[in-house]
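A.B. asks: Input: one structure, supplied below.
Where a number appears in this text, it was derived from the coordinates with a stated rule and is not lab data. All figures in this text were calculated on a predicted structure; none of them were measured in a lab. Every residue, glycine among them, receives a Cβ derived from its backbone with ideal geometry; neighbour counts consider all protein chains shown.
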Amino acid sequence: MAAAALKQRPGQWGIVGTYKSIGSASGAGLRIKQGIAAAYRPAGAFEAVARTVHGEARLYARFVGEGRCDA
């Protein structure tokens with residue numbers, strides 16, 4: 001699971017997945033930041049960003065700690 005792997009490397013960005021569109025990747029990133037998926041709770045514990053790289057929509061995330069509340 002991506003969330004567990006990211007928790008093992010706090011502060012380091014990793015690819016969470018690839019998507020058909022940048023909009024889909026961005027939407028998934030928002031859900032990660034808000035902690036909607038249980039693996040990414042609490043809200044604000046992860047940062048996420050969507051980028052297009054070589055025509056592929058990618059979602060990157062990193063674990064920043066469970067004490068953050070600025071989701």
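A.B. asks: Which members of the stretch 45-71 meet the condition of being surrounded by 13 or more Cβ atoms within 10 Å (Cβ to Cβ), in contact with a helix residue (DSSP H, G or I) (Cβ under 7 Å, 6 or more places away or on another chain) and of a type outside the set (D, E, K, R)?
C.D. replies: 46, 48, 49, 50, 57, 59, 61, 63, 71
A.B. asks: Mind checking which residues of the stretch 30-64 are closer than 16 Å to residue 7 by Cα and not hydrophobic (A, V, I, L, M, F, W, C)?
C.D. replies: Listed by number, the residues that qualify are 33, 35, 40, 41, 42, 44, 47, 60, 62.
A.B. asks: Could you list all residues from the stretch 22-35 that are of a type outside the set (Ser, Thr, Tyr) and either within 11 Å of the chain's Cα centre (by Cα) or surrounded by 14 or more Cβ atoms within 10 Å (Cβ to Cβ) (or both)?
C.D. replies: Within the stretch 22-35, 22, 25, 27, 28, 29, 30, 31, 32, 33, 34, 35 qualify.
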